[in-house]
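Visitor: Got a structure here, written out as structure tokens. Questions coming.
None of the figures in this text is laboratory data; all of them are computed from the coordinates on show. Computed from a predicted model, the values in this text were never measured in an experiment. Using ideal geometry, Cβ is built from the backbone for each residue, glycine included, and neighbour counts are taken over all protein chains shown.
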Amino acid sequence: MNDFASSYVGQLRKIIGNRLLLAPGARIVIQDDRQRVLLQKRSDFNIWGLPGGNAEEGEDILSIIVREVEEETSLRVLDAKPFGFGSSPSLETCIYPNGDRAQHFVLNFFSRRFEGTAKVADDESLDMQWFPIDQLPDDILPNMLESIKAYQRFLASGEFQLF
């Protein structure tokens, strides 16, 4: 949903203001055939992050990530698989530039199968680029970096990650 005001979170913000919101959502590590990770330069913080977002009413968790990826990147994810869950208040609590506060509870997915070409597709992104997983930019959101590290731990161990 490209219009924040009409989104579920946007509607809640009209009621609760910038009070702490507990927000379920999803994010994804997408890798291309060269094992690079897709990052979006976010318009809210002006730093890099992973595609993803919050639930809308009536959505299941897989629908969230498929919708968010398409809205933000124009890619159609074909095979999103969960690898971890992020809920640490120290990592997942954000204060947005407008003063809104949210603690995110995020199912993390990965995918290596998708259709389309990654590009900026909404006003939430300033840029979209592929990065080698061992050469990520310095200006990346800490919770997003932790998701990528958890993905690497998952690849090494095969164990679902809680962080």
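Visitor: Can you give the net charge of the other residues whose Cβ lies under 15 Å from the Cβ of residue 87, counting K and R as +1 and D and E as -1?
Guide: Once all neighbours under 15 Å are counted, the net charge is -1.
Visitor: Between residue 61 and residue 19, what length in nm is gained on full extension when 0.36 nm per residue of separation is reduced by their alpha carbon distance?
Guide: 12.7 nm
Visitor: Which of 14, 119, 41 comes first, and how do the rest follow, when ranked by fewest Cβ neighbours within 10 Å?
Guide: Ascending number of Cβ neighbours within 10 Å: 14, 119, 41.
Visitor: How much of the calculated P(r) for the range 19-92 lies past 20 Å, in percent of all Cα pairs?
Guide: Counting pairs separated by more than 20 Å, the tail of P(r) holds 34 percent.
Visitor: How much length is gained if the chain between residue 4 and residue 153 is pulled fully straight, taking 0.36 nm per residue apart and subtracting their Cα-Cα distance, in nm to one decimal?
Guide: Result: 50.3 nm gained on full extension.
Visitor: Test of understanding: in a Gaussian network model of the chain with alpha carbons linked when under 10 Å, which of 83, 109, 45 would top the mean-square fluctuation ranking?
Guide: It is 45.
Visitor: Order these by the 10 Å Cβ neighbour count, fewest first: 145, 75, 20.
Guide: 20, 145, 75
Visitor: Sticking with this structure for a sec: If we count other beta carbons within 10 Å of each Cβ, what is the order of 6, 147, fewest first?
Guide: Least crowded to most crowded, the residues run 6, 147.
Visitor: Picking from 82, 142, 51, which is most flexible by a Gaussian network model of the chain using Cα springs under 10 Å?
Guide: Among 82, 142, 51, the largest GNM mean-square fluctuation belongs to 142.
Visitor: Determine, at each q value in 0.10, 0.12, 0.15, 0.20 (inverse angstroms), the log₁₀ of I(q)/I(0) that the Debye formula gives when each Cα of the range 4-162 is one equal point scatterer.
Guide: Each listed q corresponds, in turn, to -0.33, -0.48, -0.77, -1.46.
Visitor: Is it possible to state the helix-based mean residue ellipticity at 222 nm for the chain, with each DSSP H run of 4+ residues giving -39500 (n - 2.57), the sum divided by total residues, to the nearest 500 deg cm²/dmol? What is it?
Guide: One gets -7500 deg cm²/dmol as the mean residue ellipticity at 222 nm.
Visitor: Anyone know which of 52, 86, 99 comes out most mobile in the 10 Å Cα GNM of the chain?
Guide: Largest GNM mean-square fluctuation: 99.
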